[in-house]
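What follows is a short report on a single structure.
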Amino acid sequence: MTGTLSTASQELSAEQLLDAYRVMRTIRTFEERVHDEFAGGAIPGFVHLYAGEEASAAGVCAHLDDRDAIASTHRGHGHCIARGVDVKAMMAEIFGRRTGSCHGKGGSMHIADLSKGMLGANGIVGGGPPLICGRALAAKYKGDGGVAVAFFGDGASNQGTTFESMNLASIWNLPVIFVAENNGYAEATSSTWSVASDNIADRAAAFGMPGVIVDGFDFFAVYEAAAEAVARAREGAGPTLIEVKFTRYFGHFEGDQQLYRGDEVARARAELDCLKRFRARVTEAGPLTDAQLDEIDADVARLIDESVTEAKAAPKPGADDLTTDVYISY
């Protein structure tokens, strides 16, 4: 957790480092609170938490702007927050309230905000890559330099939709970044059993694109890999596959007994945690102080408390809401 700052962190200003930490801290606090609220029976439906994986969303989305878009997975809260979706609207959506980002009708697995370039969390495994190829094709035709990012897990890495999207992106030279978030399990099945190659990134060669493996507990490693991939896409050089390796802190879904796991989560929290590693590196190297990061921790805690309070007080969708937001009128 110690050592000098990487090239990427040396290029980041103190403000950018603070923003990166705030994104990761917001994701962590958001997910831990959702974990508690779900256990208390306050949240309907299924919930899949992103805690432990914060550096991936934060490191990739730090390079994106208004031209860009992302597609997410069933484990999408972290991607939403990193992309700038309103946290209070997200919490209300998870609680199934009319004030939610999808008016309480999408829930945890289908949060979306097209105004932020967030094309949605997705309950379909491997559903995001085809969507993102469409968005990338539009950006290519418009010539605006936009890129599109598909986040997917190790389970989706075996889906035909993902392979077809990677093939299409290469053939059409689309500005796409495929981010395989390998947390070690497709539900309860270890990726060592379900993925034939040693690394998901090794499959990139078959599609004529670069494949990169990064430490998902290291924000700066993700940031550097994403910087190169985004720059390559913006310059018209085509897609990249980034495999981010880490451990999720909670089960596949809330209620998962996790009988398939040993002590890996305890070890990851103690020795590898991305927030701890980030704090150690930026404070020991000098750009930031513990006091600055502590202030962000307190700000985020207040935001999450307010989000839950307001979500619980907000109205639920009514019968009149059933037919709204279903079809689009042109």
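Points worth noting:
- Accessible surface of the range 5-107, 1.4 Å probe, proportion on carbon and sulfur as whole %: 46 percent
- Whole-number Å³ per residue for the convex hull built on Cα positions in the range 172-232: 97 Å³
- What a 1.4 Å probe finds exposed on the range 111-253 is 55% carbon and sulfur by accessible area, rounded to a whole percent.
- Kyte-Doolittle mean at least -1.0 and Cα axial length at least 20 Å: DSSP H helices in the chain: 14-39, 128-142, 219-234, 290-313
- Tensor-based shape of the range 1-107 (alpha-carbon gyration tensor, a/c under 1.5 rounded, otherwise prolate or oblate): prolate
- Judged by the ratio a/c of the largest to the smallest principal axis of the C-alpha gyration tensor, the range 123-165 counts as prolate, that ratio being 1.5 or greater while a/b is larger than b/c.
- Summing Cβ point charges (Lys, Arg +1; Asp, Glu -1) relative to the Cα centre of the range 90-232 gives a dipole of roughly 740 debye.
- Expressed as a whole percent, the accessible area of the range 254-330 that falls on carbon and sulfur atoms is 52 (1.4 Å probe).
- Each 10 Å bin from 0 upward holds the following percent of the Cα-Cα pairs of the chain: 6, 27, 35, 25, 7, 0.
- Residue 13-residue 235 FRET efficiency (beta carbon distance; Förster radius 22 Å; 0.05 resolution): 0.40
- In this structure, the pairs whose alpha-carbon distance is over 24 Å, taken from 105/312; 88/116; 245/276; 88/140; 88/316; 116/142, are 88/140.
- Shape category assigned to the range 8-51 from the gyration tensor of Cα positions, a/c cut at 1.5: prolate
- Counting only protein heavy atoms and a 1.4 Å probe, the chain has 43 square angstrom of accessible area per residue.
- Farthest positive-ward along the chain dipole, Cα basis, beta-carbon charges - from 293, 16, 157: 157
- What the Cα atoms of the range 274-326 give is an Rg and a Dmax of 19.5, 57 Å.
- For the range 198-330, the calculated P(r) over all alpha carbon pairs, in 5 Å bins from 0 to the bin holding the longest distance, is 2, 8, 9, 10, 13, 13, 14, 14, 11, 5, 1, 0 percent.
The values are calculated or read from the model by the stated rules, or taken from the named source; none is laboratory data. Everything numeric here is computed off the predicted structure, so don't read it as measured data. Glycine gets a Cβ as well: all are built from the backbone with ideal geometry, and neighbour counts include every protein chain shown. Remember, those area values only see protein heavy atoms, side chains included, never the ligands or the DNA or RNA. Shrake-Rupley method; radii C 1.70, N 1.55, O 1.52, S 1.80 Å.
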